[in-house]
Amino acid sequence: MKQPIFTGSGTAVVTPFTSDGVDYPAFKKLLDFQLENGTDAIIVCGTTGEAATMSYIERMRTIEAAVRHTDGRVPVIAGTGSNSTGNAVTLSRDAAQAGVDGLLVVTPFYNKATQEGLVRHYTTIADQVEKPLIVYNVPSRTGVKCTAETYARLAEHPGILGVKEASGDLALVQKTRELCPEDFYIWSGNDDETASIMLLGGKGVISVAANVVPREMHELAAACLKGDFVRGGAMQRKLRKLCEALFWEVNPIPVKTALSRMGYCQEIFRLPLCEMGTENRRRLEKVLEAYGLI
């Protein structure tokens, strides 16, 4: 039986930048903040980490830095997706060599693969890498949506562990749980659906909000894992306004703005991402104040 890489709250960590490259001292400071506050896994070079704007060398060095600094204390999962299967294989192999515990591979964007193409894409990667692979289903960004039937086919592969489900489709989550074996695991890809997806059998969340509230997201997921959905649901509702505010503009603009105000990184983005709009920044700061974060 396949085992989950982690259960609980994994942080899709931002990548701090300077004007010249990756800000590794700030990155390590942010990792320490996560580790000191109970985060159950680190997900590096994903969407929130602005990996799409990073060079290949930057991505590999950042992945290596996460592995070294974390030093086995929690699993490290690297985002290695691409709209080219060949590129995704290369990124996945190199991340595996860097020592990650698993791979997070987004559905290939722009090409708009068929369901058969998705199966072939993921099985090709998993066939060539000896690290467990998590599918990342986020149709709002990629234009492609996996079906539960596709998950059932992927679940047959020993190297494909489960899915980060960010479609917002709870019916899909239910059907996936019905069609797939117990060892095809589901993680919420939307902070505001963490308790709901865990109630339906999910193992946790790959979280944006955990960048700024790692302890709270860990405790929310831990309550749900224990079956205490009264407490988990209450915590989910308590975090609602923050989770909503972190998506007033496209991720990771709000969360990196928040981390900058909290003193963890500079407010530097890679184009085409840019600084938060004046009005949304003002609104975000009020929310951060209300949660005692600044």
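The values are calculated or read from the model by the stated rules, or taken from the named source; none is laboratory data. Everything numeric here is computed off the predicted structure, so don't read it as measured data. For neighbour counting, all protein chains shown are included, and Cβ atoms are generated from backbone atoms with ideal geometry for every residue, glycine included. When the accessible area is computed, the model is the full protein with side chains, heavy atoms only, and any ligands, DNA or RNA have been set aside. Shrake-Rupley method; radii C 1.70, N 1.55, O 1.52, S 1.80 Å.
So here's what we get for this one:
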{"item": "Residue among LYS145, LYS164 that alone is in contact with a Leu (Cβ under 7 Å, 6 or more places away or on another chain), among the charged types (D, E, K, R) and under 23 Å from PHE247 (Cα atoms)", "result": "LYS164"}
{"item": "Contacts under 8 angstrom Cβ, first residue in the range 277-290 being under 13 Å from GLU244 (Cα atoms), partner in a helix (DSSP H, G or I) and among the hydroxyl-bearing types (Ser, Thr, Tyr), 6 or more apart", "result": "LEU284/THR257"}
{"item": "Candidates GLU178, GLU182 - the one that is outside any helix (DSSP H, G or I) and either in contact with an Asp or Glu (Cβ under 7 Å, 6 or more places away or on another chain) or open to solvent by 70 Å² or more (accessible area, probe 1.4 Å) (or both)", "result": "GLU182"}
{"item": "Qualifying residue in the range 77-89 (condition: open to solvent by 30 Å² or more (accessible area, probe 1.4 Å) and under 19 Å from the mean Cα position of the chain (by Cα))", "result": "yes"}
{"item": "Residue satisfying condition, being open to solvent by 40 Å² or more (accessible area, probe 1.4 Å) and within 14 Å of SER207 (Cβ to Cβ), within set THR11, THR48, THR7", "result": "THR7"}
{"item": "Residue within the range 148-163 that is surrounded by fewer than 22 Cβ atoms within 10 Å (Cβ to Cβ), assigned to a helix (DSSP H, G or I) and not charged (D, E, K, R) present", "result": "yes"}
{"item": "Near pairs, Cβ below 6 angstrom, 6+ apart or cross-chain, from the range 79-90 (at pLDDT 95 or above) to any residue that is in a loop (DSSP other than H, G, I, E, B) and hydrophobic (A, V, I, L, M, F, W, C)", "result": "GLY79/CYS45"}
{"item": "Among residues of the range 51-76, those that are open to solvent by less than 10 Å² (accessible area, probe 1.4 Å), closer than 23 Å to ALA222 by Cα and either among the hydroxyl-bearing types (Ser, Thr, Tyr) or more than 17 Å from the chain's Cα centre (by Cα) (or both), counted", "result": "1"}
